[in-house]
């Protein structure tokens, strides 16, 4: 079973949520952009993660390269 | 198990008018139907209620005093109406979409079967079923683009996009809320309730790891293992995640008779005689399910040197909800372009914070 927490790094996400709140409240944003500029980019990341974590006999490369 | 399904309309002159019922010989007294309408009338607005009649419950949806339709499920002894809320929302929605030419009449047996199947649906099936609905898929895609939608604006868009009718906005959104995909909130100075995306859905094919990692436990010839692994390797070398492929799969898996075979093959390899046994145990539509799964390249059949045929999963299907992290960039653009007000953006960020803080 893929651990959701491990995959998405919730603490980092919450930190980014807080940064954006600070920006709206008038503070300067340190990041130009947050991770994952698109949904597709994130899906690729998830797919790779699943392959890396669930596959014990095949490497990611064997399936995808 | 539900014992009956009724579509009714309240007529000011003649009273209850049953538009359709299933089974056709379903016996329900006029007094019970009156009691049902009066309970809805008491609330004065559209929505769901449950009513105890004798020792059984009726779960019912009323469309409100303007249209006066009522969709009711009669439940068996001791059954919990809460378990059927999602199914009732779906059935009511389909009924309202098929009022023209009384198209709903043909659908009644299938809708009743859906009610029977619904309580056994797992989370994965609920998500598959939701995404298999064109209108709900349209809403989710819109939320993926914007993160926040006004409920009243959404209702206008839906009327424009689906001129043949989309039913009722609350019924449409019911399963989004049930499955934690959205939250709805009222905000000061905003004219409409707002919808906030808190979870997105991901669907993609993945290799059948459970089978791959335990192949030797199934007692199949070694030659078949090599052929099987080669098939998977070839398939995933060229596999490209696409909406078209996902829709093909969810369309197949939204049939509970097909899903049960698919789910069984996630943990086992079955041969012809296994299927014969399952058929004898009453598993329906088996041959059709296998054909659909093979055509969609979800399973394959392999023959050993003695001619024994085995059915094996070659592509599992991964369906989960996930945190829409990408939405932060959308919100940042909304802020920079001033397309959403600051209180609305702050509210959304607070919702995300509250939702995910709890699960840290």
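Here residue B:233 qualifies as within 12 Å of chain A (Cβ to nearest Cβ), out of contact with any strand residue (DSSP E or B) (no Cβ under 6 Å at 6 or more places or on another chain) and not in a loop (DSSP other than H, G, I, E, B). Which one is nearest to the other protein chains (Cβ to nearest Cβ) among residues in the range B:181-198 that are surrounded by fewer than 18 Cβ atoms within 10 Å (Cβ to Cβ) and touching a strand residue (DSSP E or B) at 6+ places or on another chain (Cβ under 7 Å)? Among those that are surrounded by fewer than 18 Cβ atoms within 10 Å (Cβ to Cβ) and touching a strand residue (DSSP E or B) at 6+ places or on another chain (Cβ under 7 Å), it is B:187. Out of the residues in the range B:153-176 that are in contact (Cβ under 8 Å) with a residue 60 or more places away in the chain and part of a helix (DSSP H, G or I), state the one that is farthest from the chain's Cα centre (by Cα). Only one residue fits best here, namely B:170. So for the range B:76-88 (the condition being closer than 18 Å to residue B:18 by Cβ and either touching a strand residue (DSSP E or B) at 6+ places or on another chain (Cβ under 7 Å) or outside any loop (DSSP other than H, G, I, E, B) (or both)), does at least one residue qualify? So far as the range B:76-88 goes, yes, one or more of its residues are closer than 18 Å to residue B:18 by Cβ and either touching a strand residue (DSSP E or B) at 6+ places or on another chain (Cβ under 7 Å) or outside any loop (DSSP other than H, G, I, E, B) (or both). Scanning the range B:292-327 for residues being surrounded by fewer than 16 Cβ atoms within 10 Å (Cβ to Cβ) and modelled with pLDDT of 95 or more gives a total of 2.
Taking into account only those residues within the range B:331-340 that are touching a strand residue (DSSP E or B) at 6+ places or on another chain (Cβ under 9 Å) and assigned to a helix (DSSP H, G or I), which is farthest from the other protein chains (Cβ to nearest Cβ)? Before you say what the answer is, go through the steps one by one.
In the first step, residues of the range B:331-340 are kept if they are touching a strand residue (DSSP E or B) at 6+ places or on another chain (Cβ under 9 Å); the result is B:331, B:334, B:340.
Subset that is assigned to a helix (DSSP H, G or I): B:331, B:334.
Working: B:331: 6, B:334: 10 Å.
Among those that are touching a strand residue (DSSP E or B) at 6+ places or on another chain (Cβ under 9 Å) and assigned to a helix (DSSP H, G or I), it is B:334.
Summed over the range B:63-104, residues that are touching a helix residue (DSSP H, G or I) at 6+ places or on another chain (Cβ under 7 Å) and free of Cβ contacts under 8 Å to residues at least 24 places away in the same chain total 1. Checking the stated criteria, residue B:110 turns out to be without any contact (Cβ under 8 Å) to a residue 12 or more places away in the chain, surrounded by fewer than 13 Cβ atoms within 10 Å (Cβ to Cβ) and out of contact with any strand residue (DSSP E or B) (no Cβ under 9 Å at 6 or more places or on another chain). Of all the criteria given as (1) outside any loop (DSSP other than H, G, I, E, B); (2) at pLDDT below 95; (3) buried (at least 19 other Cβ atoms within 10 Å of the Cβ), the one not satisfied by residue B:246 is (2). Screening the range B:177-230 for residues that are in a helix (DSSP H, G or I) and assigned by TED's automatic domain parsing to the domain that holds residue B:131 and picking the one that is farthest from the chain's Cα centre (by Cα) gives B:177. Residue B:204 satisfies every condition listed in (1) within 25 Å of residue B:135 (Cα to Cα); (2) more than 10 Å from every other protein chain (Cβ to nearest Cβ); (3) surrounded by 21 or more Cβ atoms within 10 Å (Cβ to Cβ) except (2).
Filtered by the rule that a residue be more than 31 Å from the chain's Cα centre (by Cα) and either outside any helix (DSSP H, G or I) or assigned by TED's automatic domain parsing to the domain that holds residue B:253 (or both), the range B:341-360 gives a lone residue, B:341.
Looking at the structure I just gave you, is residue B:115 assigned to a helix (DSSP H, G or I), out of contact with any helix residue (DSSP H, G or I) (no Cβ under 7 Å at 6 or more places or on another chain) and buried (at least 21 other Cβ atoms within 10 Å of the Cβ)?
Details: assigned to a helix (DSSP H, G or I): yes; out of contact with any helix residue (DSSP H, G or I) (no Cβ under 7 Å at 6 or more places or on another chain): no; buried (at least 21 other Cβ atoms within 10 Å of the Cβ): yes.
So residue B:115 fails the test.
Kindly check whether there is at least one residue in the range B:245-260 that is more than 30 Å from residue B:117 (Cα to Cα) and touching a strand residue (DSSP E or B) at 6+ places or on another chain (Cβ under 7 Å). Checked against the condition, which is being more than 30 Å from residue B:117 (Cα to Cα) and touching a strand residue (DSSP E or B) at 6+ places or on another chain (Cβ under 7 Å), the range B:245-260 yields no hits at all.
Scan the range B:281-300 and give yes if some residue there is farther than 28 Å from residue B:111 by Cα and in contact (Cβ under 8 Å) with a residue 40 or more places away in the chain, otherwise no. The answer is yes; a qualifying residue exists.
Yes or no: residue B:276 surrounded by fewer than 15 Cβ atoms within 10 Å (Cβ to Cβ) and within 14 Å of chain A (Cβ to nearest Cβ)?
Values: surrounded by fewer than 15 Cβ atoms within 10 Å (Cβ to Cβ): yes; within 14 Å of chain A (Cβ to nearest Cβ): no.
For residue B:276, the condition - surrounded by fewer than 15 Cβ atoms within 10 Å (Cβ to Cβ) and within 14 Å of chain A (Cβ to nearest Cβ) - is not met.
A residue that is loosely packed, with under 10 Cβ neighbours inside 10 Å and within 19 Å of residue B:75 (Cβ to Cβ) occurs somewhere in the range B:29-41. Has the range B:155-174 got at least one residue that is within 18 Å of residue B:327 (Cβ to Cβ), surrounded by 14 or more Cβ atoms within 10 Å (Cβ to Cβ) and not assigned by TED's automatic domain parsing to the domain that holds residue B:252? The answer is no; no qualifying residue exists. Look at (1) at pLDDT 90 or above; (2) surrounded by 13 or more Cβ atoms within 10 Å (Cβ to Cβ); (3) more than 26 Å from the chain's Cα centre (by Cα) and you find that residue B:62 fails only one, number (3).
The values are calculated or read from the model by the stated rules, or taken from the named source; none is laboratory data. These figures come from a predicted structure and were not determined experimentally. Using ideal geometry, Cβ is built from the backbone for each residue, glycine included, and neighbour counts are taken over all protein chains shown.
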